[in-house]
1. Could we say that residue B:5 is in contact with a strand residue (DSSP E or B) (Cβ under 7 Å, 6 or more places away or on another chain), over 20 Å from residue B:130 (Cβ atoms) and outside any loop (DSSP other than H, G, I, E, B) here?
2. From the residues in segment A:230-255 that are within 9 Å of chain B (Cβ to nearest Cβ) and closer than 19 Å to residue A:57 by Cβ, which one is surrounded by the fewest Cβ atoms within 10 Å (Cβ to Cβ)?
3. Report the residue count in segment B:199-232 for those that are more than 11 Å from chain A (Cβ to nearest Cβ), buried (at least 21 other Cβ atoms within 10 Å of the Cβ) and free of Cβ contacts under 8 Å to residues at least 60 places away in the same chain.
4. Which of the following residues is within 19 Å of residue B:14 (Cα to Cα) and more than 23 Å from the chain's Cα centre (by Cα): B:116, B:74?
5. Restricting attention to segment A:23-39, does a residue exist that is farther than 19 Å from residue A:235 by Cα, at pLDDT 95 or above, touching a helix residue (DSSP H, G or I) at 6+ places or on another chain (Cβ under 6 Å) and away from chain B (no Cβ under 14 Å)?
6. For the list (1) closer than 24 Å to residue B:150 by Cβ; (2) out of contact with any helix residue (DSSP H, G or I) (no Cβ under 9 Å at 6 or more places or on another chain); (3) more than 14 Å from chain A (Cβ to nearest Cβ); (4) surrounded by fewer than 18 Cβ atoms within 10 Å (Cβ to Cβ), I need the number of the one condition that residue B:67 fails.
7. One residue is enough: does segment A:210-221 have a residue meeting the conditions within 14 Å of chain B (Cβ to nearest Cβ), in contact with a strand residue (DSSP E or B) (Cβ under 8 Å, 6 or more places away or on another chain) and loosely packed, with under 14 Cβ neighbours inside 10 Å?
8. Answer with yes or no whether residue A:97 is in contact with a helix residue (DSSP H, G or I) (Cβ under 7 Å, 6 or more places away or on another chain) and within 22 Å of residue A:163 (Cβ to Cβ).
């Protein structure tokens, strides 16, 4: 992996050059931090990770799958905007790689692929856990990025090149990204304070009464799944026109396993009727079921589902407590 | 789908007619919607309103007089399906708040002045007749009324939205108002409104009534932890959906 150097005095000029080349989306601080298109280098906010995940730019909240008119189906023209995502943290980069597995490998989802294929991912490495709920170090994340900025020195960033797209960027912006003999050590890639889930194996905990405290504090409001950078469940719905009931469109919306409606089938039967079953399902999908299929945990330890939960249900604490209680027995 | 159009009626009993207006506000498709059905009766906008038989009748408002009850019972008898349109018809809404006030607090304002006025307890329609479908909300979403009509004319069964308001609110990228210390009832209130109030910065007052899945016990605990007292919580919960929260008294005592 090639390592380059970006001098801090060139940082603003570098961002300006990115903006002049294409649309740049980065964390922006308003009332909360969220990903937004930026106009100036000063819009970039790197003090804290975005409260809202980046997934909405690829797996969009509402997507027209196809239009229909009198038994004829037409697929909307799919645009593939060239965009740079700047300032993504390790958790969010890995989250993108997990959604890639779902929407680009298992199924070839043209809507996701079109949004994703011309996107460049430039990361910003956390020097320490940006939130007290983080636990990415416990989730054994991989290096996944086009470029990654490491902010370890007073005068310069070290920039790792992680892909072909990264090489393209390095070449294109070679004026700012200079050769260097420096390397980022494995030690420097660690994120202190983000290892609070030492053992994420929950296979034998399903019937443990320890989950109950989380269930009792759950409103099933779906904040966790909406804020999760990896949750990818959706709902499909047909909308028709009043002037012609055979004309309309099929739309895909974000949905959530926390809802009864999500598992409702014909005859109004609901598979996961109890809040407890729905509560556990999300965590088991994140830490167990996904691994069975893809050999990696879906969860990337960003902690948003805890920080954004109105009652701060901390499933990491709950798991740790269950493990401790089990060890005592 | 049969060739014959569904015979439909829109009626209002005691209410503000806002729910009927909500249907009319579908300007983009209104003329097409009206053509989909045989709109037999709509006294709010039509002069001639035969009311002998309906497939679907939409009723707005609540029962607040003996005359209301008579009209409602006739509509029920003459229709295959009765749809409760709006919060008054479905949950009792603001008028039903009267259940939680003492008679001496209000009767001098009106009922003692005008002797002919009957003092009937305002109640939602399902306390008097069988209701087949609910389109809740104060006012109900115009989209939902439109979708309802498009479904029934295709022979499909409309499904009530039982997801909390939070689902649409989170999708809309709003910040949680509970986090800002506001007494938002979104987590226990049925969605379908596209979280319109929260989008505008106002907390949810629960006008669409509770979800079947609500965690009311926890909702009250949260409100208490934010510093709201019992009286405030009781008032807020009962403003729109009081009569549909039958277990409220028991929970408030905890």
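The values are calculated or read from the model by the stated rules, or taken from the named source; none is laboratory data. Please read these numbers as outputs of a predicted model, since none were measured by experiment. Neighbour counts are summed over all protein chains in view; Cβ atoms, including those assigned to glycine, are modelled from backbone coordinates with ideal geometry.
1. No, not satisfied.
2. The residue in question is A:253.
3. Selection size over segment B:199-232: 3.
4. Unique residue meeting the criteria: B:116.
5. Checked segment A:23-39: at least one residue is farther than 19 Å from residue A:235 by Cα, at pLDDT 95 or above, touching a helix residue (DSSP H, G or I) at 6+ places or on another chain (Cβ under 6 Å) and away from chain B (no Cβ under 14 Å).
6. Checking residue B:67 against (1) closer than 24 Å to residue B:150 by Cβ; (2) out of contact with any helix residue (DSSP H, G or I) (no Cβ under 9 Å at 6 or more places or on another chain); (3) more than 14 Å from chain A (Cβ to nearest Cβ); (4) surrounded by fewer than 18 Cβ atoms within 10 Å (Cβ to Cβ), the one that fails is (1).
7. There is no residue in segment A:210-221 that is within 14 Å of chain B (Cβ to nearest Cβ), in contact with a strand residue (DSSP E or B) (Cβ under 8 Å, 6 or more places away or on another chain) and loosely packed, with under 14 Cβ neighbours inside 10 Å.
8. So residue A:97 fails the test.
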